[in-house]
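The values are calculated or read from the model by the stated rules, or taken from the named source; none is laboratory data. Only a predicted model underlies this, so the values are computations on that prediction, with no experimental measurement involved. Positions of Cβ are backbone-derived with ideal geometry, glycine not excepted, and every protein chain shown enters the neighbour counts. The protein model used for the area step is the full one, side chains on, heavy atoms only, and it has no ligands, DNA or RNA in it. Shrake-Rupley method; radii C 1.70, N 1.55, O 1.52, S 1.80 Å.
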Amino acid sequence: MNKKIEWYHDFINLKYKPKSDDLKVLYYFEPAKGISKEDSIGRIASESSTGTWTTLYELPPRMKKLMATAYEIKGNFVKVAYPLDLWESGNAPQLLSGIAGNIFGMKALNNLRLLDVSLPQSYIKHFKGPKLGISGLRKYFKIYDRPLTGAVLKPKIGFSALEHTRIAKETWLGGFDLVKDDENLTSTKFNNFYKRVDLMTKMRDKVEKETGEIKDALLNITSETKEMMKRAKYLHDKGWKYAMIDVVVSGTAAVQTLRETLGDYGMGIHAHRAMHASFDRNEKHGITMQFLAKIMRLIGVEQIHSGTAVGKLVGSKEEVQSIATTLREKNVKEKLPYHLEQNWHHIKPSFPVSSGGLHPGLVPEELEIFGKDLILLISGGIHGHPKGTRAGAMATMQAIDAFNKKISLEDYSKNNKELAQSLEKWGRLKPR
Ligand code: CAP
Ligand code: MG
């Protein structure tokens, strides 16, 4: 019985120096009881590349060159290098099926977390990245000195298309740039997508004329892929700059397809991340939000929800800042355990989106965390303003002004009554 039945250890070589066109992945791992570190690491590298659970009768010579190599182990962290030839050009789902696939379910591992991937130029050159990028969007809106602002209608779903449009008008007239659909609002009996777009288009034109400002909306096209393409065209025909997609539930393949479609129209994607917390919330297992953000920037969304640190949903300050770094910077330096180095080459930056439980009193802290290159979504926090949506949006814009002028909200609110009313209701509350 001393015949070799496994070849997992063939996937470990601590002397290996990754090649410049290798893909490198950082994992956190915890072996199951009775399994050594080497046995679990070998399984990670094997199952995510060319391996199987046992030795085989024959292997073509090519196989050696395609195997992944675990090359650095520090405590419970391991780095694995993957040869470029293992990967199909421009195929995001295939990458996930490998480095984020079966390995999460292996019995030999109690926990496994994919923290980050470092992608070589030879891999990213097959992806387009964002169509417009932060500077393209700023140029479109002619806004350079503050975050772009927006609000989701609340409650989430239930308004008719007409009611929806009336609230949108108030949001825009309060000074916001964007009005956003909620993640579970698509096209329903009581609020048909096409009707909503028709009414919103008329209202946008009216408000733009009245204010002289550029107004847009994040209308949710999430659906079966061909229907998404149809909805994208409809938005383009009506002159919208964005389409919104729930990117996790739609999947990377659909997002890639829509990046092509929308890119041809000169439009950008707003990426909502509904369902992300099912795989990124457990700190020991699953996939980080930062990794998801990286894949989405690669495919080419203009902006993606990144958490707030101070609002109602999970995500620490370090975590949201690491997501923002991945999305916005050209040359990311390694910062363990958050991210590996990444040179983005031709790929433009994307905006982080902060949303969830925000209100004007939290604006200074949020801008301190993210800086101004941000999409700031304040929803319940404007529609719940004591004087209504328009006053809530005004209070938010006043809070941004105060921050930019380095004046405290309390002082600024002396001459800005909407901000004063907002502070009276919520103060600096951090909702849970
Ligand atoms: C925010 C929101 C967003 C979440 C998404 C909601 O509403 O519309 O979907 O912010 O979370 O439904 O909760 P409020 P994240 O501003 O009224 O809380 O950005 O973390 O992905
Ligand atoms: Mg929502």
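In segment 263-281, of all residues being open to solvent by 30 Å² or more (accessible area, probe 1.4 Å) and within 16 Å of ligand 1 (Cβ to nearest atom), the one that is nearest to Leu178 (Cα to Cα) corresponds to Met275. For segment 367-380, the condition holds for at least one residue, the condition being that it is within 16 Å of ligand 2 (Cβ to nearest atom) and more than 18 Å from the chain's Cα centre (by Cα).
Beta carbons closer than 6 Å, at least 6 apart along the sequence or on distinct chains, pair a first residue in segment 272-284 that is within 14 Å of His305 (Cβ to Cβ) and within 12 Å of ligand 2 (Cβ to nearest atom) with a second that is part of a strand (DSSP E or B) and of a type in the set (Asp, Glu) for His272/Asp246; Ala274/Asp246. Evaluation of Leu377 against the conditions (1) touching a His at 6+ places or on another chain (Cβ under 9 Å); (2) more than 16 Å from ligand 1 (Cβ to nearest atom) shows that the sole unmet condition is (2). Does Met229 meet the test of being in contact with a Ser or Thr (Cβ under 6 Å, 6 or more places away or on another chain) and over 28 Å from Val249 (Cβ atoms)? No; evaluated as a whole, the condition is false for this residue.
Here segment 105-155 is the region considered, the condition is being at pLDDT below 95 and within 16 Å of ligand 1 (Cβ to nearest atom), and the residue that is surrounded by the fewest Cβ atoms within 10 Å (Cβ to Cβ) is Pro155. State whether one or more residues within segment 330-337 are assigned to a helix (DSSP H, G or I), touching a residue at least 24 places away in the same chain (Cβ under 8 Å) and open to solvent by 10 Å² or more (accessible area, probe 1.4 Å). No: segment 330-337 contains no residue that is assigned to a helix (DSSP H, G or I), touching a residue at least 24 places away in the same chain (Cβ under 8 Å) and open to solvent by 10 Å² or more (accessible area, probe 1.4 Å). Do we have Asp177 as away from ligand 2 (no atom under 16 Å from the Cβ) and surrounded by fewer than 17 Cβ atoms within 10 Å (Cβ to Cβ) here? No.
Note on segment 249-262: residues that are more than 13 Å from Gln94 (Cα to Cα), of a type in the set (A, V, I, L, M) and open to solvent by 30 Å² or more (accessible area, probe 1.4 Å) total 1. Can you give me the number of residues within segment 370-396 that are of a type outside the set (Gly, Ala, Ser) and open to solvent by less than 20 Å² (accessible area, probe 1.4 Å)? Summing the residues that are of a type outside the set (Gly, Ala, Ser) and open to solvent by less than 20 Å² (accessible area, probe 1.4 Å) in segment 370-396 gives 9.
Here Gly356 meets the list (1) within 16 Å of ligand 2 (Cβ to nearest atom); (2) surrounded by fewer than 17 Cβ atoms within 10 Å (Cβ to Cβ) almost entirely, failing just condition (2). Given the criteria of a type outside the set (Ser, Thr, Tyr), open to solvent by less than 80 Å² (accessible area, probe 1.4 Å) and in contact with an Asp or Glu (Cβ under 7 Å, 6 or more places away or on another chain), does Ile35 qualify? Taking the combined requirement at face value, the residue does not satisfy it.
Yes/no matrix, rows are residues, columns are (1) within 29 Å of the chain's Cα centre (by Cα); (2) part of a loop (DSSP other than H, G, I, E, B):
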residue	(1), (2)
Leu26	yes, no
Gly34	no, yes
Asp39	no, no
Ala45	yes, no
Pro60	no, yes
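Considered as a group, the residues in segment 127-152 that are closer than 25 Å to Leu258 by Cβ and out of contact with any Asp or Glu (no Cβ under 9 Å at 6 or more places or on another chain) include one that is nearest to ligand 2 (Cβ to nearest atom), and that residue is Ala151. For the residues Val332, Val353, the requirement of being more than 12 Å from ligand 1 (Cβ to nearest atom), farther than 16 Å from Met397 by Cα and touching a His at 6+ places or on another chain (Cβ under 9 Å) singles out Val332. Please verify whether Glu318 is open to solvent by 30 Å² or more (accessible area, probe 1.4 Å) and among the acidic types (Asp, Glu), treating the condition exactly as stated. So Glu318 fits the description; yes. Taking Val301 as the residue in question, decide whether it is within 11 Å of the chain's Cα centre (by Cα) and β-branched (Val, Ile, Thr). Criteria met by Val301.
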